[in-house]
Amino acid sequence: MSNSFHYPVFVYSQRNTSNSPRFCLFRAKVSEILQWAAIQRLSKNDPAAIQRDPKRTRILGIKRFLEREPRNTIPTAVILTLDNIDITFVSIDEQQDQDRVITDSGLAVLKINLPNNISDSEKPGLVIDGQHRLKGIEAYDCQTCVNVVALLDADADEKAFQFLVINNKVAKVSVDHIRALNLNYNTARLTDRLKDARLSLNDNVGSVGVMDKDSESPFKGLIKWPNNMSYDGDKANNEGFVMPAAIEAAIGFIKSLGVGDLDDNESIDEFFITIWNVISTEWKSIFNNNKGNKLLDKVGIVCLTEFLVRELRSMSINKHTKFSMADPDKVAEYTKDILEGINADFWTSEWKSTSYDTRAGRDQIVASLQSIYGNISDGKPWYEGVDVLAR
């Protein structure tokens, strides 16, 4: 394979501003693009990567599309970035204007020279949009050319921004992928720019990252999003099972109470970690086995958090048990006391409905926890009058 590639290109800036990226338009064979452009797939070991896991069905669909009819083409351009490459601008009309040479835009020659045994991280190109087209066309005939739009020397924020806008304006990307990707770039800058594109990110997404990465978090490595993907060749496995939306909703509820002791994100995250560390210890067998129980479902995490926070808040302002909600030791002590008044069998029992993830449904679960707490306190069977139970 050749290590040197030359392409006639057209370079221009879409916006007449100093910090606007320049575009480079040209065509290239798929076999060549895959030599100098990386497809970095988001994984546990590479959380700052761009692309989602490829879908084999889409790749085969593109291959069959091209095989089916000789006239079938894919005019949509592959979008990628190019860093540290050689561009030589040429005269627009050498016969009529020998002295005119374009120095920042216009016709040019793009030169890409690759060293031997180059790794993906060293490649000058990065695919932002079009990995399925590239792999599908490669499966059909790797010598086929595609249209290319390349952003020149874009920084990490620009690459993330372009990926999110393209995938949400054309084929909507997973919300969990946005959550994960946003954590690996400058959150303030990227979020602000996404607002201009009428895209938004939940304010509590930062807490999801804390729960997934903090060494003290019982949810470390358990979040079901691209950061916890493992790969066996092209086969992707998500090692997480806790929905990011569950953490966001639970954190959002704590914030909604406006507890004075918990007036910043760090305090709220610490408080949440504390109560769920107690839960993971006291109900260890259930917490460590997500099969056949509802504790770590979204409704379980949100409703148990709501119940515990309300009880803890009440105790924190009671003159007999007054304490600061920002005191992890006291929070842990009283959380354990409250859990002793709830039978863990509730989470493994059969419920009347398979889904309670609505406001009305969550209210029923919280009411059930209150009933159980009252039953055990009064010496009654824990399940008496618990309406959501199937029995």
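Which of the peptides 136-147, 12-23 is most tightly packed, and how do the rest follow, going by the mean number of other Cβ atoms within 10 Å of each residue?
Numbers: 136-147: 16.9, 12-23: 11.2.
So the peptides 136-147, 12-23, ranked by packing, come out 136-147, 12-23.
Shown for Tyr383, Tyr231: other C-beta atoms within 10 Å of each C-beta, ranked fewest to most, produce the order Tyr231, Tyr383. Ranking Ala249, Cys303, Asn238 by Cα position along the charge dipole of the stretch 213-343, where only Lys, Arg, Asp and Glu carry charges on their C-beta atoms, puts Cys303 farthest toward the positive end. Residue pairs exceeding 22 angstrom between C-alpha atoms, taken from Lys224/Lys284; Lys298/Lys352; Lys235/Lys284; Lys255/Lys319; Lys255/Lys322: Lys235/Lys284; Lys255/Lys319. Relative to the Cα centre, the charge distribution of the stretch 236-377, modelled as +1 at Lys and Arg Cβ and -1 at Asp and Glu Cβ, gives a dipole magnitude of about 480 debye.
Relative to one another, the C-alpha centroids of the stretch 225-281 and the stretch 3-38 are positioned 40 Å apart.
As a proxy for reagent exposure, Glu67, Glu282, Glu248 were ordered by neighbouring Cβ count within 10 angstrom, fewest first; the result is Glu67, Glu282, Glu248.
Sort Phe253, Phe287 by Cβ crowding within 10 Å, fewest neighbours at the top. Write out the running numbers ahead of the final one.
Numbers: Phe253 17, Phe287 20.
Sorted ascending by nearby Cβ count, the order is Phe253, Phe287.
A short reminder: the numbers here are calculations on the coordinates, not readings from a lab. These figures come from a predicted structure and were not determined experimentally. For neighbour counting, all protein chains shown are included, and Cβ atoms are generated from backbone atoms with ideal geometry for every residue, glycine included.
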